[in-house]
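For reference, the structure discussed in these notes is given below.
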Amino acid sequence: MFGRRMFFTFTYATLFFFVCAALFFMYVYWLGPPPLEENIGATIVDRNGEIIYDDDLDIIPLEEMPDYLIDAFILTEDKHFYHHFGFDLRGIARALIRNIEAKQLKEGASTITQQLARNLYLTHEKTWMRKLKESFYTVRLEMFYPKDTILTMYLNTIYFGHGAYGIGEASELFFGKDVDELSVAEATMLAGIPKGPTYYSPFNDLENATERQQIILDRLLVYSKITEAEYYAAKSEQLQFSEKKEEQGESVGYFIDFVWKEIEETLNMNKEKLLNDNVTIHTTLDKNLQQQLEKALDRETLKNSDIEIGVVSIEPKTGAIRQMVGGKNYEKSPFNRAVQAKRMVGSTFKPILYYAALENGFTATTMLESEPTSFIIEDDVYEPQNYNGYYAYEPITLAQAMALSDNIYAVKTHLFLSPEVVIKTARKFNITADLPNVASLALGSASIPLIEMVQAYAIIANGGKDVHYYAVEKIETEDGKILYEKKPEKNKQIFDEKKSFLLAHLMTGMFDRRLNGYMEVTGSSIIDRLPLHDYAGKSGTTSADSWMIGFSPKLVAGVWLGYDDNRAIKKYEEKALAKQIWADLMYEAHQDETEKLAFIPPKGVVSKVIDVKTGLLATENCETTRTTYFEKGTEPTTFCTLHGPHDEEHQGDEEEKEPFYKTFFDLFPS
């Protein structure tokens, strides 16, 4: 009885499998052949019409390639290429076991056809959905095109690093000759590069490249693709490489992936159809700024470490993305850390907290005690600390708390407002990531993508008006037909314009040494790099993350650094990099601005000269003063008496009242 049941179960399962397979192949056949002609593709240009990506192909047919070159690639990348239907089943099984063990998609078993599908139609992100799409394209390629055609397109599109796509460009780049002139030694050297251009390019590591070349030569001999004489001649040949050209545009791959993702997921347009239409995609990227960013990232500290980086900048009034880098090396790791990574944001969250404070009666001169404090929360004791254990041991103003990044002030404010109020404010800033309802949220315990944080800061820079980042301006066909064009948006006023300006001015404090107190302002190391214009910002650090986000009236930019495995950042030079790169980025972006770009106070905002230490109106005897802004009616009316006598008739008539928030914090022991 049991055997009979097993028989029927197996029969139905088999039948179900074959029905599903039949439906799958019928669907694939119905889709038809994917575009593969040499005259299809897409050209992607920057905001000024300069090409940043062009996949128009100069096809070199197989007949013009040496046999040993073709054999070298097949034996290296997919030795069963002419005998399978697009998939290496044994390789897939091995990779599947390893991925299941790792509980993530870490390894693939890509055949030549799968690699071609990925190169032509998909991004390089490692997700299960991308692998599924890749499988569809692989079957379609195998179903509708001869093997030789697939191999031809593969050899003409594969990436060799240094901006070279296809065997023709690679032959010219590395050896300065046409493909049909390549020797066996040169051909095998090129065949080894696509596996990992970073590791196997002779320009990057000649020893690694040579070892891999020798392995490929051995395979050619074992499979009788070359003679012993050719083998020994190739092993002894001293290769003469061309002079390495200056690399530019390597990082733009992250932005290109982002563009296609926006087109497919946000604009709901089909990449394959666009390739068929030979479209030109007009984007928001500024190629000149992107190249300047690449120069800013060309630092020994980055090169000599496996620390990673994410950078993105946007225009505050429109949300147009001007620069994007998702890592140090796109070919090594196409994972976009500026967009996809969620990392703990540290003190860069404080501007969101302090906007909520401004909405609830705080001003730039609101005073709270900066000293070691224990907070008793539902029977638990929370004891946050300031950087290096430094405290004022006296009341400080909100302006100074922002500039020095005082954690005690932040937690007190957070608890006074309540976590629910702060989270609600963050949602209005378009923060979609999970936000923990805990006291440490004030210090940035939430993990948020860099691009979301930059977008939030853009709202502040835009006077409280809503901002949404985007990359695609227009898509048009070869004959000029416009398939999509972004329409100008009237940004909704989601925050009060006056309070948004006040927050922006508070954020200028990190670059103002007059706010130095028990420690220097957090931007002191880069102040001299930022002449002329107004800049506002906030840095943030955790044990494993270093952040700097800030803006001028022209540009909002954010930089994140950290290790992918979340290990602690211990070297000082690595901790300091985020600020340095941000400052270089902003400096270069404002080189053409000869007149000062300033934050202009809106109507209903008044300025007062304030004594930095007391937060009261300054007198001629005050040592350190600063012009500070307030909503009209909330400015101080009392003059400072700490620094000597002043004219009593200027003293405010009303007696200073105990602040509403001070009695609240008397509940917490110090």
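No value in this document is a laboratory result; all are computed from the given coordinates. Predicted, not measured: the structure shown is a model, and the values here were computed from it. When we count neighbours, we look across all protein chains shown, and the Cβ atoms used for this are built from the backbone with ideal geometry, even at glycine.
General remarks:
- Only aspartates and glutamates eight or more places from LYS603 in sequence, or on another chain, were considered; those with a Cα closer than 17 Å are ASP496, GLU497, GLU631, GLU635.
- Label-reachable residues, the stretch 511-552, where backbone N falls under 14 Å from a point 7 Å from ALA576's Cα toward its Cβ: 523-529
- Maximal additional length on extending the TYR563-ASP180 stretch stands at 133.5 nm, based on 0.36 nm per residue less the C-alpha distance.
- For the residue pairs LYS244/LYS342; LYS295/LYS465; LYS499/LYS538; LYS424/LYS474; LYS235/LYS303, the alpha carbons lie more than 25 Å apart in LYS244/LYS342; LYS295/LYS465; LYS424/LYS474; LYS235/LYS303.
- Secondary-structure-derived ellipticity at 222 nm for the chain, considering helices only, amounts to -11000 deg cm²/dmol, per-run term -39500 (n - 2.57) for DSSP H runs with n ≥ 4.
- Taking a straight Cα-Cα cut-off under 13 Å and skipping sequence neighbours fewer than 8 places away in the same chain, the aspartates and glutamates within cross-link reach of LYS487 are GLU473.
- Greater than 26 Å apart at Cα, pairs in LYS317/LYS613; LYS350/LYS492; LYS328/LYS350: LYS317/LYS613; LYS328/LYS350
- Per-peptide average of other Cβ atoms within 10 Å, ordering 187-197, 228-238 highest first: 187-197, 228-238
- For the stretch 366-448, size of Cβ-based charge dipole, Lys and Arg +1, Asp and Glu -1, in debye: 480
- Full-stretch length increase - GLU359, GLN591 - with 0.36 nm per residue and alpha-carbon distance subtracted: 79.9 nm
- Dipole-positive endmost among GLY161, TYR223, THR127 within the stretch 125-264 (Cβ charges, Cα centre): THR127
- The alpha-carbon of LYS131 sits under 19 angstrom from the alpha-carbons of these lysines, leaving out residues fewer than 8 places away in its chain: LYS103, LYS106, LYS195, LYS261, LYS271, LYS332.
- Modelled FRET efficiency - R0 60 Å, LYS492 with ARG90, Cβ distances, 0.05 increments: 0.60
- Annotation for the stretch 495-595: trypsin sites (Lys or Arg not before Pro) lying in DSSP loop with at most 13 further Cβ atoms inside 10 Å of their Cβ are ARG567, LYS570, LYS571.
- Cα convex hull of the chain, projected area averaged across orientations, nm²: 38.7
- Viscosity 0.890 mPa s, 25 °C: Kirkwood-radius Stokes-Einstein D of the stretch 263-367 over Cα pairs, µm²/s: 140
- Size of electric dipole in the chain: Cβ of Lys, Arg +1 and of Asp, Glu -1, about Cα centre, debye, nearest 20: 2020
- Euclidean distance of C-alpha centroids, the stretch 512-534 and the stretch 281-351, integer Å: 24
- Tail weight of P(r) past 17 Å, computed on alpha-carbon pairs of the stretch 469-530, percent: 66
- With Cα atoms, 0 to 90° folded angle of helix 2-31 axis to the chain main axis: 80
- Calculated diffusion of the stretch 65-236, Stokes-Einstein form, Kirkwood radius summed over Cα pairs, 4 °C and 1.567 mPa s, µm²/s: 77
- Given R0 = 60 Å, the distance between the Cβ atoms of LYS303 and GLU371 translates into a calculated FRET efficiency of 0.90.
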